[in-house]
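As structure tokens, the structure follows; a few thoughts come after it.
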Amino acid sequence: MRFQTRAIHGAKSADEQAKALTFPIYQTSTFGQQEAGSPTVFDGRDLSYARSENPTRTQLENALAVLEDAKYGLAFASGLAAVATVLNTLKSGDHVIACQDLYGGTYRMLTKVFQKFGIEVSFADTTDLANLEKALKPNTKIVWLESPSNPLIKITDLEAAAKLAKRRNALVVVDNTFATPVLQQPLKLGADIVLHSTTKYINGHGDVIAGALLTNHKALWDQLKFIQNATGVIPGPQDCFLVLRGLKTLGIRMDRHCANARKISWHLAKHPKVAKVFYPGLSTHPGHELARKQMKDFGAMLSFELKADVETSKEFAGALKIFTLAESLGAVKSLICHPPTMTHASVEPDVRRQNGIADGLIRISVGLEDVEDLIEDLEQALAKVPVPAGVA
Ligand SMILES: *Cc1c(COP(=O)(O)O)cnc(C)c1O
């Protein structure tokens, strides 16, 4: 079956009795047992207590696994709960290498939460694999990658990076939130674990916080599942239902997201008040060829620098009428943000600038509105930006 058919039909409905078209929400905390110590078995899972197993969550975990062509899935209360679960497999003295252009919350968790338990962390610009090779150490247990990355939309060669990490027996984790399984399936490129903030494209409607992990390794799944239950980082059944509903249209939404983003990137790239556009669909993007090889399309996240200072950039972001000034991404509504004061405010200013995140950087998540309206909205806000010196 092809992607969009699998998204709709992939996880079989276990609700054989009622034949409900949509899988029900099992809003319960526990399940009655036949006799002490023999829980009810439902869809191959022992139902004893709803932190350990809930049929709505199982249905979501199976559906997510189908999307990534993975054997095993796990659902979480947030993307960061999924991040914490992966990091909880480590012990003091282990080393993690993360890509430099990393989601701000993952950066914060590594440096402010796990480092104090003796986990060593280093960052490498993985768009050049020589940097990754240099950073690998005998105690490196995890290589953490994002491609396209956030907020500079950099592309890392996932297959080559995974090969390098595997030679040193490090686990490869790919945060695939930006690309979604429609555009890229990292397990096929050698990743051990794929992570999603399903808050974003997979749910797609901006009404849920949730996360996921996918893997093909049974032992790894068992370990992650143990931690999921032991630390209690589970999503509630209503949130599982919403993500299940959202993911059925993922393929269709991504087509439109990408088409809209492509047109906006062309428009911004030729605008005299725009200094730089970061979008892998543009042939001027350093990762363009790699993205063509590794992805089916270029996604709907793009960043750009205005020929303007911080204050003007902030004013520009606030002057849009259709784009909502907000953190997050991947929803039907287009969003705009100023990473230095919003999503990446938890990264120290000097680290941020060193990583190429200029003070005037603007990031947009292109939604599903009519693209002409989005372009007109950007135009009216750009018109308010003073003409930079040297532009006729
Ligand atoms: C949003 C996001 C996360 C964190 O997910 P939450 O659901 O907000 O906890 C992790 N990685 C990326 C790339 C994200 O965009």
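The values are calculated or read from the model by the stated rules, or taken from the named source; none is laboratory data. Given the structure is predicted, the values throughout are model-derived calculations rather than measurements. Cβ sites come from the backbone with ideal geometry, for glycine too, and all protein chains shown count toward neighbours.
Quick notes on this one:
- Qualifying position, being within 19 Å of Leu87 (Cα to Cα) and modelled with pLDDT of 95 or more, among Lys141, Lys163: Lys141
- When the test is whether a residue is crowded, with 21+ Cβ neighbours inside 10 Å, of a type in the set (A, V, I, L, M) and modelled with pLDDT under 95, Leu302 does not pass it.
- A single entry from Thr127, Thr106, Thr85 fulfils the requirement of being in a loop (DSSP other than H, G, I, E, B) and surrounded by 18 or more Cβ atoms within 10 Å (Cβ to Cβ): Thr127.
- Within the set Ile227, Ile234, Ile153, the sole residue that is within 16 Å of the ligand (Cβ to nearest atom) and either under 21 Å from Lys71 (Cβ atoms) or assigned by TED's automatic domain parsing to the domain that holds Ile357 (or both) turns out to be Ile234.
- Val83 being among the β-branched types (Val, Ile, Thr) and either within 14 Å of the ligand (Cβ to nearest atom) or outside the structural domain of Pro55 (by TED's automatic domain parsing) (or both): yes
- Subset of segment 330-346 (residues that are assigned to a loop (DSSP other than H, G, I, E, B), at pLDDT below 95 and not small (Gly, Ala, Ser)): His338, Pro339, Pro340, Thr341, Met342, Thr343, His344
- Taken as a whole, the structure leaves Ser122 outside the set of residues that are within 16 Å of the ligand (Cβ to nearest atom) and closer than 28 Å to Ala77 by Cα.
- Exclusive hit being within 14 Å of the ligand (Cβ to nearest atom) and closer than 28 Å to Thr231 by Cα, set Ile97, Ile202: Ile202
- Every listed requirement among (1) hydrophobic (A, V, I, L, M, F, W, C); (2) touching a Ser or Thr at 6+ places or on another chain (Cβ under 8 Å); (3) within 11 Å of the ligand (Cβ to nearest atom) is met by Met109 save one, (2).
- Residue list for segment 321-346, filter: touching a residue at least 60 places away in the same chain (Cβ under 8 Å), buried (at least 20 other Cβ atoms within 10 Å of the Cβ) and of a type in the set (A, V, I, L, M): Leu329, Ala331
- Here Lys112, Lys154 are screened, and the one residue that is farther than 25 Å from Leu247 by Cβ and either in contact with a Pro (Cβ under 6 Å, 6 or more places away or on another chain) or part of a loop (DSSP other than H, G, I, E, B) (or both) is Lys154.
- Test result for Val243, crowded, with 23+ Cβ neighbours inside 10 Å, part of a helix (DSSP H, G or I) and not charged (D, E, K, R): yes
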